Amino acid sequence: SRFSDGLKQEKTMQTRIIPLAACPRHIEQLALALHAEWQDFAPWSEMEKIRAYYARCLEGSGLPLAWLAVDGENRLLGSAALKRHDIAELPQYEYWLGDVFVLPEARGRGVGARLIEYALQQAREMALPELYLYTPDVQAVYAKYGWREIETRRHNGEIVSVMRLGLGGREGEAV
């Protein structure tokens, strides 16, 4: 019926952000999607590495922590994470937003924005003073949230922008 089609479409459009631990069955689908999209880059080059990373995200309350975007029927739409020391050569930058990813079929529906906003909210609740991220190509997306490029560098075989966002957390925060 048209009514049930409408309900189904509405459920598909709903986006919820949940902890990875609430739906670990999505790890395999997420790992496959990340590998398909980012396999040219070291962290995503092997399925076993990706699975091991998400297993670490499930270990406890510390970082790394990952979240999933799911629709009203609990189908995976995307993911994001908070982690520590994402670029080993930059040990002075401790807290990172990473692995922001939206499945190709869910793009253009605001899922990435929801994931970013949720991760930033979690970082503020953890009283993190600042976050860093790196991106080769979507600097403009993050600039909308107040991120500023602090350097460009070669990482995982490509040129990336390293960006910083102050969260107004602990002492030493530049205003």
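The values are calculated or read from the model by the stated rules, or taken from the named source; none is laboratory data. These numbers were taken from a predicted model, which means no experiment stands behind them. Quick reminder, even Gly has a Cβ in these numbers, built from the backbone with ideal geometry, and neighbours come from all protein chains shown. SASA here: full protein model, heavy atoms, side chains in, ligands and nucleic acids out. Shrake-Rupley method; radii C 1.70, N 1.55, O 1.52, S 1.80 Å.
Applying the selection to the stretch 1-58, what residues are surrounded by 13 or more Cβ atoms within 10 Å (Cβ to Cβ), aromatic (Phe, Trp, Tyr) and modelled with pLDDT under 85? If the condition is that a residue be surrounded by 13 or more Cβ atoms within 10 Å (Cβ to Cβ), aromatic (Phe, Trp, Tyr) and modelled with pLDDT under 85, then PHE41, TRP44 are the ones that fit. Contact map, the stretch 124-140: first residue within 17 Å of GLY62 (Cβ to Cβ), second residue open to solvent by 60 Å² or more (accessible area, probe 1.4 Å), Cβ cut-off under 6 Å, separation 6 or more or different chains; pairs are PRO129/ARG170. Condition check for TRP67 on (1) farther than 19 Å from MET163 by Cβ; (2) assigned to a helix (DSSP H, G or I); (3) aromatic (Phe, Trp, Tyr); (4) modelled with pLDDT of 95 or more: one failure, at (2).
Right, GLY72: modelled with pLDDT under 95, open to solvent by less than 40 Å² (accessible area, probe 1.4 Å) and closer than 26 Å to HIS26 by Cα or not? In short, yes. Here is the figure for the stretch 132-152: residues that are under 20 Å from SER45 (Cα atoms) and either in contact with a helix residue (DSSP H, G or I) (Cβ under 9 Å, 6 or more places away or on another chain) or surrounded by 12 or more Cβ atoms within 10 Å (Cβ to Cβ) (or both) total 4.
In the stretch 143-155, the residues that are among the polar types (S, T, N, Q) reach residues that are open to solvent by 60 Å² or more (accessible area, probe 1.4 Å) with C-beta atoms within less than 9 angstrom, at least six apart or across chains, in these pairs: THR152/ILE159.
Close contacts from the stretch 27-50, counting a first residue that is of a type in the set (Phe, Trp, Tyr) and a second that is open to solvent by 80 Å² or more (accessible area, probe 1.4 Å) and not in a helix (DSSP H, G or I), with Cβ to Cβ under 8 Å and a gap of 6+ residues or different chains, come to none at all.
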